1. Kindly provide the set of residues from the range 416-462 that are polar (S, T, N, Q), surrounded by fewer than 22 Cβ atoms within 10 Å (Cβ to Cβ) and within 15 Å of the chain's Cα centre (by Cα), ordered by number.
2. Right, Phe56: of a type in the set (A, V, I, L, M, F, W, C), in a helix (DSSP H, G or I) and at pLDDT 95 or above or not?
3. Quickly run through the range 495-517 and pick out the residues that are closer than 18 Å to Asp457 by Cα and either open to solvent by less than 70 Å² (accessible area, probe 1.4 Å) or touching a His at 6+ places or on another chain (Cβ under 9 Å) (or both).
4. Residues of the range 220-251 being assigned to a loop (DSSP other than H, G, I, E, B), under 25 Å from the mean Cα position of the chain (by Cα) and over 20 Å from Leu328 (Cβ atoms), which ones?
5. Look through Leu560, Leu490, Leu548 and report the one residue that is open to solvent by 70 Å² or more (accessible area, probe 1.4 Å), within 27 Å of Leu305 (Cβ to Cβ), touching a Ser or Thr at 6+ places or on another chain (Cβ under 7 Å) and not basic (Lys, Arg).
6. Of all residues in the range 87-116 being assigned to a loop (DSSP other than H, G, I, E, B), of a type outside the set (S, T, N, Q) and out of contact with any His (no Cβ under 7 Å at 6 or more places or on another chain), which is surrounded by the most Cβ atoms within 10 Å (Cβ to Cβ)?
7. Considering only the range 536-561, state which residues are farther than 21 Å from Leu467 by Cβ and either touching a Pro at 6+ places or on another chain (Cβ under 8 Å) or basic (Lys, Arg) (or both).
8. Return yes when Ala470 is under 15 Å from Phe77 (Cα atoms), of a type outside the set (Asp, Glu), at pLDDT 95 or above and surrounded by fewer than 24 Cβ atoms within 10 Å (Cβ to Cβ) and no when it is not.
Amino acid sequence: MTHDHDLVLRPTAAQTEAALNPPPGRNGGDLVVETLAGLGATTVFGLPGQHALGMFDALRRSDLRYIGLRVENNAGFAADAYGRITGEAAPLLLSTGPGALTSLAALQEARAASAPVLAISSQVPTAGLGGGRHGYLHELPDQAASFRGVVKSVHNVRTQSQIPSAIAEAWTSALTVPHGPVWVEIPQDVLLAETAVPVVTGGDTFPEELPPRPELTAVAADLLSRAERPAIIAGGGVVRADASKKLRQLAERLQAPVVTTFGGKGAFPWTHPLSLQSWLEDRHTTDFLEDADVLLVVGSGLGELSSNYHTFRPRGRVIQIEADLGKLESNHPALGIHADARLALQALLETVGERTDPAAPERVRAVLDKVRERIASQELTLEQDVLAAVRRALPPGAPSFWDMTILAYWAWSAFDAEAPNAMHSAQGAGGLGYGFPAALGAAVADPTHPVLAVSGDGGALYSIAELATARQYDLNVTWLIVDDGGYGILREYMTDAFGQPTATELTRPDYVALAESFGVPGVRTSPKTLEADLAKALAAPGPSVVVLPAVLRMFAPTHLD
């Protein structure tokens with residue numbers, strides 16, 4: 001009798017030959033790239049450094065495609081976007097100390113957004129480990145300690161034979177829900193030394209699924225079936241789990257209105273009769289959700305932005321489906337279901353009863369009408385026209401990546417993403433500089449569509465060096481830079497709070513001339529010509545820059561009332 005756990009994968013003849021007769025000149029770096037290839041990686045991002053040269057030299061002897069960026073943080077953002085678009089773990093190769101630490105902000109965003117990034121860093125030579133302060137270049141007492149609070153898991157390698165298993169373990173961690181960034185570090189001498197370890201020819205890993213507990217979904221289904229005013233908040237977990245179709249089926253069966261969080265843009269059709277869209281920073285939406293007698297929250301922790309800055313006070317029963325255990329009931333008491341959104345929604349679809357509620361679409365329209373009236377009263381025609389022009393210029397299927405800028409804050413609430421996994425921003429961790437390098441990563445992941453990046457002039461200066469990357473790899477990215485002469489949203493915040501801004505005004509370059517100095521076409525546009533100029537740039541192959549000089553304003557918040 002054969003049990004499943006007794007099965008052993010037997011090597012093929014080719015694998016046996018490669019193991020018995022490895023090519024000469026291999027080192028620890030080869031074990032890294034061989035393992036990545038065996039796991040299914042095709043593309044790696046990164047930036048070389050002295051301690052990591054063994055890995056980068058090994059890339060020469062592999063079929064992996066290397067995309068090199070100019071700043072480690074930007075390489076992390078590019079890997080983040082590649083992971084979001086493909087659903088694969090995106091390898092990120094880094095060097096020790098300053099190189100590694102420069103990636104921290106990008107890895108924080110990846111963790112907040114559940115983007116699978118496999119960061120592999122070098123370390124000082126083995127003799128310098130242990131915090132002994134030996135004075136090696138880039139030495140830290142405990143480099144991994146800087147990452148433990150940022151990534152999902154940390155994997156330390158000390159010998160060459162540990163490399164394949166450590167990377168495979170990290171790969172599995174990155175792709176186990178909730179997805180996220182992981183950290184592997186390997187000493188310089190381990191990477192450089194010639195290796196006797198056979199060629200790595202296998203590497204299949206099987207990330208564990210996270211099904212819901214059936215007794216919990218039974219209770220949830222009963223509550224939803226008997227609800228009089230059910231509503232749904234759909235977060236980024238729905239998008240990451242590719243569960244949008246199941247969400248729509250459940251909403252239609254329950255006749256439950258759906259609002260998507262800023263991270264869940266596209267999880268539910270924007271113009272659907274049950275769609276409350278994404279107006280979470282609006283008291284009318286907050287009031288509607290508070291009035292639900294059963295509120296289903298899927299793939300969201302109901303954090304600051306998703307709860308209208310923690311002013312949301314649900315009066316009904318809350319059901320929360322969340323793959324990140326730490327977010328379960330972290331903000332509101334709920335029937336907490338620790339599960340992947342797709343599997344949990346499927347379980348509900350199998351057991352929930354069908355409701356009829358002809359008035360639900362009318363109640364949705366009433367809320368959206370109130371929101372529109374509130375915005376219309378603030379004389380923000382310019383902002384709405386600019387956002388509408390961007391939407392019209394963006395071709396179907398083209399993803400967009402938004403930096404932390406006023407136009408992006410408008411887009412969180414008012415932009416129709418048109419599809420799941422099509423609109424991305426740095427709202428998870430909230431760091432500047434995300435939009436353009438992330439768009440480059442998306443263009444590498446899928447060259448069949450143009451990609452739009454949107455930044456303010458302040459955020460643009462964080463990643464301006466990546467114009468060289470865009471040109472070097474001829475990536476099909478159009479970068480819209482809204483130039484208002486400073487950190488626009490901080491200018492508003494400080495003026496509102498203190499009467500005048502400080503440290504928000506910027507001397508900035510001529511962005512069109514700067515783009516052209518990199519060999520990237522640039523054009524200066526206006527609100528009236530934006531749609532045509534942006535559409536033309538997106539239709540042209542290769543990178544381009546469109547600069548819009550404009551001072552935009554935010555709509556008034558409701559959480560301060």
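The values are calculated or read from the model by the stated rules, or taken from the named source; none is laboratory data. In this text the structure is predicted, and so the values were computed from the model without any measurement. For neighbour counting, all protein chains shown are included, and Cβ atoms are generated from backbone atoms with ideal geometry for every residue, glycine included. For accessibility, only protein heavy atoms count, side chains too; no ligands or nucleic acids. Shrake-Rupley method; radii C 1.70, N 1.55, O 1.52, S 1.80 Å.
1. Quick first cut of the range 416-462, residues polar (S, T, N, Q) only: 421, 425, 427, 448, 455.
Pick out the ones that are also surrounded by fewer than 22 Cβ atoms within 10 Å (Cβ to Cβ) and you get 421, 448.
Across the range 416-462, the qualifying residue is only Asn421.
2. Details: of a type in the set (A, V, I, L, M, F, W, C): yes; in a helix (DSSP H, G or I): yes; at pLDDT 95 or above: yes.
When the stated conditions are applied, Phe56 passes them.
3. First pass over the range 495-517, keeping only residues closer than 18 Å to Asp457 by Cα: 501-517.
Pro501, Thr504, Leu506, Pro509, Tyr511, Val512, Ala513, Leu514, Ala515 - these are the residues of the range 495-517 that are closer than 18 Å to Asp457 by Cα and either open to solvent by less than 70 Å² (accessible area, probe 1.4 Å) or touching a His at 6+ places or on another chain (Cβ under 9 Å) (or both).
4. As a first pass, look at the range 220-251 and keep what is assigned to a loop (DSSP other than H, G, I, E, B): 227-229, 235, 241-243.
If we keep only those that are under 25 Å from the mean Cα position of the chain (by Cα) as well, we get 235, 241-243.
Residue satisfying the conditions is Asp242 alone.
5. Numbers: Leu560 fails: touching a Ser or Thr at 6+ places or on another chain (Cβ under 7 Å); Leu548 fails: open to solvent by 70 Å² or more (accessible area, probe 1.4 Å).
None of the other options fit; the residue is Leu490.
6. Here is the first cut: in the range 87-116, the residues assigned to a loop (DSSP other than H, G, I, E, B) are 87-89, 95-97, 102-103, 114-116.
Those still in the list that are of a type outside the set (S, T, N, Q) too: 87-89, 97, 115-116.
Remaining after also requiring out of contact with any His (no Cβ under 7 Å at 6 or more places or on another chain): 87-89.
Values: Gly87: 16, Glu88: 20, Ala89: 30.
Looking at residues that are assigned to a loop (DSSP other than H, G, I, E, B), of a type outside the set (S, T, N, Q) and out of contact with any His (no Cβ under 7 Å at 6 or more places or on another chain), I get Ala89.
7. Just the residues of the range 536-561 that are farther than 21 Å from Leu467 by Cβ, to begin with: 550-561.
The answer is Ala550, Arg553.
8. Values: under 15 Å from Phe77 (Cα atoms): yes; of a type outside the set (Asp, Glu): yes; at pLDDT 95 or above: yes; surrounded by fewer than 24 Cβ atoms within 10 Å (Cβ to Cβ): no.
Spelling it out, it is not the case that Ala470 is under 15 Å from Phe77 (Cα atoms), of a type outside the set (Asp, Glu), at pLDDT 95 or above and surrounded by fewer than 24 Cβ atoms within 10 Å (Cβ to Cβ).
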